[in-house]
Amino acid sequence: MAYRDLREFLRALEQNQELKRIPFEVDPVLEITEFADRAVKQGGPALLFERPRGYNIPVAINTFASMKKMQLALEVDSVEEVAARIVEFLEMQVPQGIIGKLKMLPKVVEVGAFFPKVVSRGACQEVVKTGGFSLLDYPVLQCWPEDAGRFITLPLVFSRNPDTGKRNCGMYRMQVFDERTAGMHWQTHKQGAEHYRRMGPLGKRRMDVAVAIGADPATMYSAILPLPPDLDEMMIAGFLRQTPVEMVKCQTCDLEVPANAEIVLEGYVELGELRTEGPFGDHTGFYSLADEYPVFHVTAITQRKEPIYATTIVGPPPMEDYFMGKAIERIFLPLMRLQLPEVRDIAMPPEGIFHNLILVAIRKSYPGHARKVMHSIWGTGQAMFSKVIVVVDEDVDVQNYREVTWKALNNIDPQRDIEFSMGPVDSLDHASRLPNYGSKMGVDATRKWPGEGFTRPWPGVIGMSEEVKRRVDGLWRKAGL
Ligand SMILES: Cc1cc2nc3c(=O)[nH]c(=O)nc-3n(C[C@H](O)[C@H](O)[C@H](O)COP(=O)(O)O)c2cc1C
Ligand SMILES: [Mn+2]
């Protein structure tokens with residue numbers, strides 16, 4: 001059964017000893033960060049701060065901060081189950097004969113059941129404040145000492161493509177500027193930024209934006225998924241939770257938000273109105289520099305009577321977002337394999353902060369195959385940000401970073417096997433020659449073929465025979481080792 005809302009998820013976490021309530025005062029300025037950072041690094045529970053200093057709204061953090069919590073969030077025993085469900089759908093073919101069609105019916109019904117439903121009432125509008133509201137009334141964290149201020153870190157930002165009218169939901173942090181304005185940190189490659197730009201040619205100046213904070217976990221999680229433009233995250237959330245997301249119309253803008261949200265900020269952005277946002281202690285583990293981003297104006301705040309404020313922190317890895325990213329890696333593998341069936345597995349080690357290091361194992365079939373895979377990844381959605389791609393043969397377990405390091409370093413002739421390419425890079429990359437533009441490196445660490453100009457024999461990996469291993473098992477015990 002899908003979680004109805006954030007609280008139901010928090011209860012599930014608590015029942016699984018994955019949530020700890022903190023009943024005493026803790027300051028949302030820096031102190032909550034220190035708690036959350038220590039908890040995630042110890043593999044500890046999610047935290048519910050019941051008394052954030054200065055506020056009567058509890059703060060939930062680290063609710064996705066381990067694979068176990070990701071599994072609870074997505075209601076699976078392993079996130080691979082989500083991948084398996086995707087594969088099942090992708091493999092669904094038009095069946096033969098009437099019996100086949102009948103068998104297919106439940107699946108078709110299931111697909112239809114994912115679409116979001118507009119409902120007339122939602123808990124997120126138990127309280128509607130169209131005047132006298134303030135962003136400063138919420139326990140928004142200052143995460144790190146050199147942050148420019150307080151940042152809303154887990155917002156679901158809704159906007160509509162001005163060209164197509166299609167909805168988007170992305171997670172873009174928001175710096176609170178004052179009672180009624182905040183920064184809108186959608187980076188240039190993201191859908192919110194694209195919607196914003198598209199107003200120009202259409203002669204529009206203003207775009208409605210609504211922000212939901214705290215919802216059922218599948219809905220929250222859908223906001224970070226690297227989906228193609230114009231694919232509604234709320235539909236994918238419906239697929240993840242296997243129940244449609246219920247949406248309610250906003251009070252002061254032309255958008256819908258998840259009815260079960262805890263807090264909703266309604267408002268708009270204006271083309272050309274930018275303001276300095278940041279610095280912010282970011283998920284790279286470094287402070288991202290201050291930059292110009294659009295200003296979000298709040299026209300109303302709606303909320304539950306007693307809302308819970310959901311948030312996260314990012315910083316030196318691993319943090320909560322590493323686990324959210326790891327689940328993306330697992331869930332998107334089958335989709336990647338539609339385009340690149342030769343890919344056996346991929347891994348993004350935490351220190352690579354998602355796209356700085358992608359390890360890819362392929363079944364190599366022809367000369368230059370590894371390079372083809374690199375270019376394909378650089379040409380795919382947000383995988384375009386991949387800074388270093390290491391391609392290995394399929395016998396290498398890319399989840400085993402030590403094995404990858406050992407085999408890849410032995411297999412390369414650096415000058416021959418490294419491919420440099422130029423293109424878009426993540427906005428958070430502080431090392432690139434220009435903001436948003438720089439180089440990427442692919443390392444072809446596969447075994448080289450004669451067809452690639454390598455004519456010496458390629459040595460095999462050392463391993464003991466099974467027979468000797470078994471013999472020594474006995475002798476080992478005999479030796480008292
Ligand atoms: C905790 C967290 C914070 C994030 N903050 C931002 C952000 O401030 N700006 C941004 O562009 N992307 C941010 N992202 C990544 C986007 O949510 C992600 O790229 C998403 O796929 C964007 O959706 P879109 O393709 O619909 O634009 C964040 C992700 C997480 C998990
Ligand atoms: Mn999107």
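When F177, F151 are checked against the criterion of being more than 14 Å from ligand 1 (Cβ to nearest atom) and touching a Lys or Arg at 6+ places or on another chain (Cβ under 9 Å), a single residue qualifies: F177.
Table: residues versus (1) more than 30 Å from Y437 (Cβ to Cβ); (2) in contact with a helix residue (DSSP H, G or I) (Cβ under 8 Å, 6 or more places away or on another chain).
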site	(1), (2)
H189	no, yes
A193	no, no
G214	yes, yes
P244	yes, yes
E270	no, no
T276	no, no
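Taken over segment 183-223, residues that are surrounded by fewer than 20 Cβ atoms within 10 Å (Cβ to Cβ) and within 13 Å of ligand 2 (Cβ to nearest atom) amount to 3.
Conditions (1) surrounded by fewer than 18 Cβ atoms within 10 Å (Cβ to Cβ); (2) touching a Lys or Arg at 6+ places or on another chain (Cβ under 9 Å), marked per residue:
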position: E246; (1), (2): no, yes
position: K249; (1), (2): yes, no
position: T252; (1), (2): yes, no
position: L255; (1), (2): no, yes
position: P258; (1), (2): no, no
position: E262; (1), (2): no, yes
position: E270; (1), (2): yes, yes
position: F286; (1), (2): yes, no
position: Y293; (1), (2): no, yes
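Within segment 53-83, if we keep just the residues that are touching a residue at least 60 places away in the same chain (Cβ under 8 Å) and farther than 21 Å from D321 by Cβ, the residue that is surrounded by the fewest Cβ atoms within 10 Å (Cβ to Cβ) turns out to be G54. Taken over segment 434-460, the criterion of being part of a loop (DSSP other than H, G, I, E, B) and exposed (fewer than 10 other Cβ atoms within 10 Å of the Cβ) is satisfied by G453, T455, R456, P457, P459, G460. Listed conditions (1) among the hydrophobic types (A, V, I, L, M, F, W, C); (2) touching a Gly at 6+ places or on another chain (Cβ under 8 Å); (3) surrounded by fewer than 17 Cβ atoms within 10 Å (Cβ to Cβ) are all met by L6, apart from (3). Among the residues examined, E329 qualifies as under 29 Å from T312 (Cα atoms), without any contact (Cβ under 8 Å) to a residue 24 or more places away in the chain and under 22 Å from the mean Cα position of the chain (by Cα). Total residues in segment 224-239 satisfying the condition of being among the hydrophobic types (A, V, I, L, M, F, W, C), away from ligand 2 (no atom under 14 Å from the Cβ) and over 21 Å from M336 (Cβ atoms): the figure is 0. Summed over segment 376-433, residues that are under 30 Å from L289 (Cα atoms), surrounded by fewer than 17 Cβ atoms within 10 Å (Cβ to Cβ) and among the aromatic types (F, W, Y) total 1.
Values in this text are rule-based calculations from the coordinates and carry no lab data. As the structure is a prediction and not an experimental result, all values here were calculated from the model. All Cβ positions, glycine included, derive from the backbone under ideal geometry; neighbour counts span all protein chains shown.
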